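K.L.:
Pasting a structure here, questions to come.
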């Protein structure tokens, strides 16, 4: 390639392993007899269950209502009966209240839903309301409610909408498959999102390891005014909101801020598809694409799964290998390791990754090689942060830039001493939060 | 896919019961292949070409020094770790690297107890007493050499006069020296320095007629001409210096072998180019640029003047320990700065100090002390060259 691809500073080049499932078209996963829908599948206030044990529900019916503005409703992916409302193991490692639905297999939609319609005449406010009512959140993993992102903020006009098609996490291919299979829908979603926020510019950013997806999107975007399809360098974390914004526009987002602070909104590929589904077919967010992959499964694949599908059902179909010893929901860089397969798919589950013979690394002292400094996309000094967190120097932690760390994991990936830098930083942040809360309580007393 | 998995027919495949008790850790769940021992053994491999050339030029003497030094370093590391109840980590190769580097900065005719003392000090005091790998402030090998120089005042090239291992005197190298001459002669740097020092000084002598005619003949009509004469009188062909046929320490003489090592380190991404290039570039530039004072004799008058831009850049890079220091010593991860800017500053500082010591200091060579001094400044450099955090204004 003779020209310089757009990118950001720092980052790493792990082996992407996207060949495992990359060529497998997205298959619809059959709805299981029992689904587990957590009331908390997003950032913000957990939803409040709107049903009780014994209630009959239709497909697409809201079973938990949003509480407050930064929240999202949860809808039933099947028709059936409520079996229970009880705490269940959640991918975060805690137990979270969940609505358990018994699937009656009839697949009956709630009246008025699942009907094709023309959305070209919808106003910006109507689009936001439709997206909110569909319970759409960021499907890349951060699960921030999409309608909140789209809501206008005083003094912050939005100029650019970015559809994040980087999919920089190794192994994951579900977004790639959606780019191939639903390129037109993604472009349509981008246009409607641009309309919702009044942005003149739209971007679709693809990493250069997906040239066929780039070609499809480029073809789909032809003739759409203001839409630009851009190829980015393959580098993790190219798909992080801040990095993709800086790569595309060459501007940095102020520390502690969001892309909206410089007039940009980023949406994940899956979110764009969900927005299209909601507006075009009046379908709430009840299913999502995910990749089951890793060297710990026999049959890597991309599935369109109903939310609430137990992860065990996915593993049964993908066939777990005997030497698989680590189960991760999400990608290998930022995904969450699970202690049990008795968790269910949430809105943020982009992948089910089974790793074989995963190691619990023994770690040693920092040898100051500086690789983490070169790799950190935030240009922090991770080695220093890891040392002050390890030695619990709370004053140093307070004076450090630790809150600028977004835990992307580049530092930990490259560390030759195998230091669990992300883990130590998480600990340091928690200690700092605890200290600040204590100080606040003390101040309130006096 | 493992062989077993391939062998199993899909039809007969029974779903494995998902095991509970999965390994749970914080993300990320994948790591790069490079770990400490991989890095250290890569450095050992990169040092091998220089080891082979030193054995070729210095014979068994070099092999003995290397052996004593490496064995002492490894044994000292194991012993100290055992005594202090820490995990013995000699298999990570870092003490082998230190041992090799200590040997490489020993005079080729040093008696066996000198590398032993230097290695013991390097590992026992400089490295382990400060907390082991990652905690040392100074490059252990160079600190070991500095300690040995302080202990044994005669520890200069040729300072021991005789070889403690028999060398074959008959073999002649490119510069026409025999092996024993190469091992006991004066290095190119000290020869030039001593020669220049031995010339009459204008300020010390008022009457030029009192000076021996032959000595006056050694001076040029201008200070620059004198300097050129000094350079010509003490010249080893650059090709000989590049290949390694010159007087020097065990591992420092062959720039070619060291550059092969540098290529290994750069290709395996063990080191970045920042320090070596900045170090060598500074030595070449300032070695050429910075002035030296030289006497001259013209029209019956003896006078002296500063000669700017009179150095020989290639000579400066090939002579002494600069190549070894820039590629293997200054790039020591533990004792050099973290960020790119920091590394560039560090490399520049090493080069500047080296040239200053070479031109104006008491020693003919300054690589060892310049790196040690810059090691000391590393925390300071780190604090001044912290990268600007994404999304913040310049500090």
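K.L.:
Can you name every residue in segment B:119-134 that is surrounded by fewer than 23 Cβ atoms within 10 Å (Cβ to Cβ), in contact with a helix residue (DSSP H, G or I) (Cβ under 8 Å, 6 or more places away or on another chain) and within 12 Å of chain A (Cβ to nearest Cβ)?
P.N.:
Listed by number, the list holds a single entry, B:132.
K.L.:
Now for a different question. So is residue B:110 over 15 Å from residue B:40 (Cβ atoms), at pLDDT 95 or above and crowded, with 16+ Cβ neighbours inside 10 Å or not?
P.N.:
Judged against the criteria, residue B:110 is not a match.
K.L.:
When you look at residue A:217, is it away from chain B (no Cβ under 14 Å), surrounded by 24 or more Cβ atoms within 10 Å (Cβ to Cβ) and more than 21 Å from residue A:141 (Cα to Cα), yes or no?
P.N.:
Answer is yes for this residue.
K.L.:
Next question, about the same structure. Which one of these does residue B:360 not meet: (1) buried (at least 18 other Cβ atoms within 10 Å of the Cβ); (2) over 24 Å from residue B:260 (Cβ atoms)?
P.N.:
That leaves (1) as the condition not met.
K.L.:
Have a look at B:110, B:143, B:148 and point out the one that is away from chain A (no Cβ under 14 Å), part of a loop (DSSP other than H, G, I, E, B) and touching a residue at least 12 places away in the same chain (Cβ under 8 Å).
P.N.:
Checking each option against the conditions leaves just B:110.
K.L.:
Wholly within segment A:336-446, which helices (runs of 4 or more DSSP H) include no fewer than the required count, namely at least 3 residues that are crowded, with 21+ Cβ neighbours inside 10 Å?
P.N.:
A:371-375, A:382-390, A:410-414, A:421-445
Each row is one residue, and each column tells you yes or no for (1) closer than 28 Å to residue A:291 by Cα; (2) touching a strand residue (DSSP E or B) at 6+ places or on another chain (Cβ under 7 Å); (3) surrounded by 23 or more Cβ atoms within 10 Å (Cβ to Cβ).
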{"residue": "A:105", "(1), (2), (3)": "yes, no, no"}
{"residue": "A:109", "(1), (2), (3)": "yes, yes, no"}
{"residue": "A:113", "(1), (2), (3)": "yes, no, no"}
{"residue": "A:120", "(1), (2), (3)": "no, no, no"}
{"residue": "A:132", "(1), (2), (3)": "yes, no, no"}
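K.L.:
Failed condition for residue A:215, given (1) over 14 Å from the mean Cα position of the chain (by Cα); (2) within 21 Å of residue A:351 (Cβ to Cβ), with all others met?
P.N.:
(2)
K.L.:
Which one of these is assigned to a strand (DSSP E or B) and surrounded by fewer than 24 Cβ atoms within 10 Å (Cβ to Cβ): A:315, A:304, A:327? Outline the logic, then answer.
P.N.:
On the way: A:315 fails: assigned to a strand (DSSP E or B); A:327 fails: surrounded by fewer than 24 Cβ atoms within 10 Å (Cβ to Cβ).
The unique qualifying residue is A:304.
K.L.:
Another one. Which of the residues spanning segment A:50-76 are buried (at least 19 other Cβ atoms within 10 Å of the Cβ) and under 20 Å from the mean Cα position of the chain (by Cα)?
P.N.:
Across segment A:50-76, the qualifying residues are A:66, A:71, A:72, A:73, A:74, A:75.
K.L.:
Follow-up question, since we're still on this one. Give me the strands (runs of 3 or more DSSP E) completely within segment A:52-134, filtered to those with at least 1 residues that are in contact (Cβ under 8 Å) with a residue 12 or more places away in the chain and touching a helix residue (DSSP H, G or I) at 6+ places or on another chain (Cβ under 9 Å), ordered by residue number. First the steps, then the outcome.
P.N.:
On the way: elements: A:62-65, A:80-89, A:95-103.
Where strands (runs of 3 or more DSSP E) fall fully within segment A:52-134 and carry at least 1 residues being in contact (Cβ under 8 Å) with a residue 12 or more places away in the chain and touching a helix residue (DSSP H, G or I) at 6+ places or on another chain (Cβ under 9 Å), they are A:62-65.
K.L.:
Let me ask another. Out of curiosity, is residue A:274 away from chain B (no Cβ under 14 Å), modelled with pLDDT of 95 or more and part of a strand (DSSP E or B)?
P.N.:
Taking the combined requirement at face value, the residue does not satisfy it.
K.L.:
Would you tally the residues in segment A:345-360 being at pLDDT below 95 and facing chain B (nearest Cβ under 7 Å)?
P.N.:
The total comes to 2.
K.L.:
Taking residue A:36 as the residue in question, decide whether it is touching a residue at least 24 places away in the same chain (Cβ under 8 Å), under 23 Å from the mean Cα position of the chain (by Cα) and in a strand (DSSP E or B).
P.N.:
yes
K.L.:
Taking only segment A:425-446 into account, find how many residues are over 20 Å from residue A:366 (Cβ atoms) and within 14 Å of another protein chain (Cβ to nearest Cβ).
P.N.:
Of the residues in segment A:425-446, 1 are over 20 Å from residue A:366 (Cβ atoms) and within 14 Å of another protein chain (Cβ to nearest Cβ).
K.L.:
Which of the residues that make up segment B:314-336 are within 14 Å of chain A (Cβ to nearest Cβ) and in contact with a helix residue (DSSP H, G or I) (Cβ under 6 Å, 6 or more places away or on another chain)? Outline the logic, then answer.
P.N.:
Our first condition is that a residue be within 14 Å of chain A (Cβ to nearest Cβ); within segment B:314-336, this holds for B:330-336.
Correct list: B:330, B:331, B:335, B:336.
Results for (1) more than 7 Å from chain B (Cβ to nearest Cβ); (2) modelled with pLDDT under 95; (3) within 28 Å of residue A:238 (Cα to Cα), shown as yes or no for each residue.
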residue	(1), (2), (3)
A:385	yes, no, yes
A:393	yes, no, no
A:413	no, no, yes
A:420	no, no, yes
A:423	no, no, yes
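K.L.:
Restricting attention to segment A:368-375, does a residue exist that is under 26 Å from the mean Cα position of the chain (by Cα), farther than 16 Å from residue A:9 by Cβ and within 7 Å of another protein chain (Cβ to nearest Cβ)?
P.N.:
No, because not a single residue in segment A:368-375 is under 26 Å from the mean Cα position of the chain (by Cα), farther than 16 Å from residue A:9 by Cβ and within 7 Å of another protein chain (Cβ to nearest Cβ).
K.L.:
Can you give me the number of residues within segment B:385-395 that are more than 9 Å from every other protein chain (Cβ to nearest Cβ) and touching a helix residue (DSSP H, G or I) at 6+ places or on another chain (Cβ under 8 Å)?
P.N.:
Selection size over segment B:385-395: 1.
K.L.:
From the set of residues in segment B:19-74 that are at the interface with chain A (Cβ under 8 Å from one of its Cβ atoms) and within 26 Å of residue B:123 (Cα to Cα), which is nearest to the chain's Cα centre (by Cα)?
P.N.:
Among those residues, the one meeting the criterion is B:39.
K.L.:
If you take the residues in segment A:317-335 that are more than 7 Å from chain B (Cβ to nearest Cβ) and in contact (Cβ under 8 Å) with a residue 60 or more places away in the chain, which one is nearest to residue A:414 (Cα to Cα)?
P.N.:
A:331
The values are calculated or read from the model by the stated rules, or taken from the named source; none is laboratory data. These figures come from a predicted structure and were not determined experimentally. Positions of Cβ are generated from backbone atoms using ideal geometry, with glycine treated the same way; all protein chains shown enter the neighbour counts.
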